[in-house]
Amino acid sequence: MMSNLMNSAIADRMSLIDSSGIRKVFALASKLKNPVNLSIGQPHFDVPQEIKKAAIKSIQKGLNKYTLTQGIPELREKIKTQQKEKNISLEEIMITSGVSGGLMLAFMSLINTGDEVIVFDPYFVMYKHLIRVIGGIPVFVDTYPSFNTSVDKVEQAISKKTKIIVLNSPCNPTGAVYSKGQLKNLADIAKKYNILIISDEIYNEFVYVEDSVSIAEIYKNTLVLNGFSKTYAMTGWRLGWAGGPKWLIDEMIKLQQYTFVCAPSIVQYAGLNALEYNPGHLIDSYKEKRDLMYNGLKDYFEILKPEGAFYMFVKTPDGVTDEEFVSEAVENNLLVIPGSVFSERNTHFRICYAAENKVLYKGIEILQNLSGK
Ligand code: PMP
């Protein structure tokens, strides 16, 4: 009886997504006692003290109830002020349960069955699966080997069904940052075909080059998604925001009312404090980690020097697939993620260098030995 129900109860849409790639890594990881772990996609530092105190204070003050669906006005106001270059009004900002919450609300509000969404490959893994489960079709634009958009390729990928271009700069998993010029070209194409851009800017503080702007400053039909997870190491606290055209934000609020209801109240209040915190020294230390890792590996592997986030997307040695490489790494006590989790290709692996330097040194040594050089 049980297995009959199991076979018939699950909605068809669930077969459109799978998590086998990541699961395989976790299965391998569980065998290791004390691995050199360069797989986790989150900062290695803890939430700064001031922000923790603000969260505790919010609980004590009794700010524990539902908030407005759109989020507390104080936080929206502060975001508006801090994001003034984007010229977003208060009604055009909502607070979400992380960028993940924002992505879900945006895709659900926009995608009809069969609508196409352009996604640059390599991509943050959630895009592909969320688009699919909602009935959309991710159309991948291959960005190897530079990990930047070729405008021609984007134009070729556009069809009558294209509704959205998803942009993620700085990018997970490549660390690529789009320059102002590249964003301008992309905006021109989006404008020409009247396509919305969703700009996932969750790593926007983790930028190690000068020439970096938000595409929202260039193209008004942009929905910006951003959050507190990475900058303040609040990944478990689930706080983000969305800013963009009011006609879209209104729909997303409507849906939030019947799904997430609101982002966690105490975290919204702590978010006010987080926005006062200057993460500059942490970003500087991540730039040093980027350099340490890059310099340790550049003579051994084909790597593009990342300009942002805290990842490197490294080519496996010739003739070795990503899964073969990752299995070998695991046998040598190192955890990294196979590139095919983030891509339609299987030629790379992802390193996350958000770790203590002593862990990075160990990782470099193991990787050098696995490089075949
Ligand atoms: N976008 C990207 C590119 C990410 O890397 C992540 C987290 N790994 C998210 C969104 C989700 O972040 P959040 O914790 O805000 O849901």
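Quick notes
Yes or no, residue by residue, for (1) in a helix (DSSP H, G or I); (2) away from the ligand (no atom under 16 Å from the Cβ); (3) open to solvent by less than 20 Å² (accessible area, probe 1.4 Å):
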position: Val224; (1), (2), (3): no, no, yes
position: Ser229; (1), (2), (3): no, no, yes
position: Thr235; (1), (2), (3): no, no, no
position: Ala242; (1), (2), (3): no, no, yes
position: Trp247; (1), (2), (3): yes, yes, no
position: Ile253; (1), (2), (3): yes, yes, no
position: Thr259; (1), (2), (3): no, no, no
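- Residue in the range 346-355 that is touching a residue at least 12 places away in the same chain (Cβ under 8 Å), open to solvent by less than 10 Å² (accessible area, probe 1.4 Å), hydrophobic (A, V, I, L, M, F, W, C) and farther than 29 Å from Ser214 by Cα present: no
- Of all the numbered requirements in (1) of a type outside the set (Asp, Glu); (2) closer than 30 Å to Pro138 by Cβ; (3) out of contact with any Cys (no Cβ under 6 Å at 6 or more places or on another chain); (4) away from the ligand (no atom under 16 Å from the Cβ), Ser19 misses one, and that requirement is (4).
- Test: residue in the range 315-323 that is outside any loop (DSSP other than H, G, I, E, B), within 18 Å of the chain's Cα centre (by Cα) and not assigned by TED's automatic domain parsing to the domain that holds Val209: no
Yes/no matrix, rows are residues, columns are (1) assigned to a helix (DSSP H, G or I); (2) crowded, with 18+ Cβ neighbours inside 10 Å; (3) in contact (Cβ under 8 Å) with a residue 24 or more places away in the chain:
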| position | (1), (2), (3) |
| --- | --- |
| Val267 | yes, yes, yes |
| Gly271 | yes, yes, yes |
| Ser285 | yes, no, no |
| Met312 | no, yes, yes |
| Glu328 | yes, no, yes |
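- Summed over the range 20-56, residues that are within 30 Å of Asn112 (Cβ to Cβ), touching a residue at least 60 places away in the same chain (Cβ under 8 Å) and either out of contact with any Ser or Thr (no Cβ under 7 Å at 6 or more places or on another chain) or open to solvent by 90 Å² or more (accessible area, probe 1.4 Å) (or both) total 1.
- Number of positions in the range 158-190 that are touching a residue at least 40 places away in the same chain (Cβ under 8 Å) and more than 21 Å from His348 (Cα to Cα): 8
- Every listed requirement among (1) more than 16 Å from the ligand (Cβ to nearest atom); (2) closer than 20 Å to Val36 by Cβ; (3) not charged (D, E, K, R) is met by Phe313 save one, (1).
- Residues of the range 290-310 that are in contact (Cβ under 8 Å) with a residue 60 or more places away in the chain and assigned to a helix (DSSP H, G or I): Arg290, Leu292, Met293, Gly296, Leu297.
The values are calculated or read from the model by the stated rules, or taken from the named source; none is laboratory data. Being a predicted model, the structure only gives us computed values, none of them experimental. All Cβ positions, glycine included, derive from the backbone under ideal geometry; neighbour counts span all protein chains shown. For the accessible areas, the whole protein counts, side chains as well, though only heavy atoms, and no ligand, DNA or RNA atoms are used. Shrake-Rupley method; radii C 1.70, N 1.55, O 1.52, S 1.80 Å.
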